[in-house]
Amino acid sequence: MTKGSDLEEKKEVGQKKIGLFGGTFNPVHLGHLRGAEEIREAFGLQEVIFIPAALPPHKMTEEIIQSHHRLEMVKRATRKNSQFSTSDVELKRPGKSYSIDTIRYFREKFKDSLYFILGRDAFVEIETWKDFQNLFSLCNFIIMARPGLIQGSPLPGALAPAFRYDQGSSGWVHGSGNTIFYKEINFLDISSTKVRELVEKGGSIKYLVPPEVEAYIEKHGLYQRGQVKSYELGG
Ligand code: ATP
């Protein structure tokens, strides 16, 4: 798979394990990258595809900068990792970015095992996601959690009856055979909100984002105070 490019032209067949990591990435930061790397290693994934959202259904869109900037920062941040790549599939799709559409797209594209990666903060809202009951028939899920948080079943009540716990894999297995895994990671205490606030205040974001992202934000004057924060479809 070509590094740093989108996946439009690629058709692959095989039994790889591929991670799908969606997010607003406004901007991508070291917490995202470290989380993806730990999950890649722990689950033996051959690839993690970062998928910036165009219009995330659950976020305030006025805070979100143009998608071409967010995509470019993700490309630059992931370029040096041969097992990371980037997809613009959600940016090309009109309207809101629903994960079920993205998972269906990759399900069509790859015969490989797919693992949708997300943080626990995002997973606790899963019952508000479009078609959430059908998500688990399509792929596996890996929930990244902060150390010490997992106690008992982490599944939201409405989901629980559709799953059984499997000691062997330490995962919750769906009727379809797909599994939800919980994985504690070194959840770095970094958020895109924190990065944006620091830039707006004129503070340093060194060691919170990769140097390529820091340079890109500076060069394009992103997240500056007084800057018009407006969303434009397709950047
Ligand atoms: P914001 O502060 O704007 O809400 P964010 O930092 O949470 O943004 P997102 O792009 O919304 O970043 O997150 C994409 C995915 O990465 C989500 O599944 C989220 O749970 C996860 N994530 C966010 N921050 C971290 C972190 N520090 N470590 C690991 N995963 C993270």
Number of the condition not met by residue 97 [criteria: (1) modelled with pLDDT of 95 or more; (2) outside any helix (DSSP H, G or I)]: (1)
Qualifying positions in region 100-118 - of a type in the set (Phe, Trp, Tyr) and either modelled with pLDDT under 95 or closer than 18 Å to residue 42 by Cβ (or both): 110, 115, 116
Unmet requirement for residue 138, which otherwise passes all of (1) part of a loop (DSSP other than H, G, I, E, B); (2) in contact with a Phe, Trp or Tyr (Cβ under 8 Å, 6 or more places away or on another chain); (3) modelled with pLDDT of 95 or more: (2)
Which listed residue is at pLDDT 95 or above, more than 12 Å from the ligand (Cβ to nearest atom) and surrounded by 15 or more Cβ atoms within 10 Å (Cβ to Cβ), from 45, 20: 45
Hey, residue 147 within 15 Å of the ligand (Cβ to nearest atom) and either loosely packed, with under 13 Cβ neighbours inside 10 Å or not in a strand (DSSP E or B) (or both) or not: yes
Residue within region 157-174 that is within 16 Å of the ligand (Cβ to nearest atom) and out of contact with any Lys or Arg (no Cβ under 6 Å at 6 or more places or on another chain) present: no
Members of region 186-201 that are within 15 Å of the chain's Cα centre (by Cα) and modelled with pLDDT under 95: 187
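The values are calculated or read from the model by the stated rules, or taken from the named source; none is laboratory data. Since we're looking at a predicted model, the values are computed, not measured. Glycine gets a Cβ as well: all are built from the backbone with ideal geometry, and neighbour counts include every protein chain shown.
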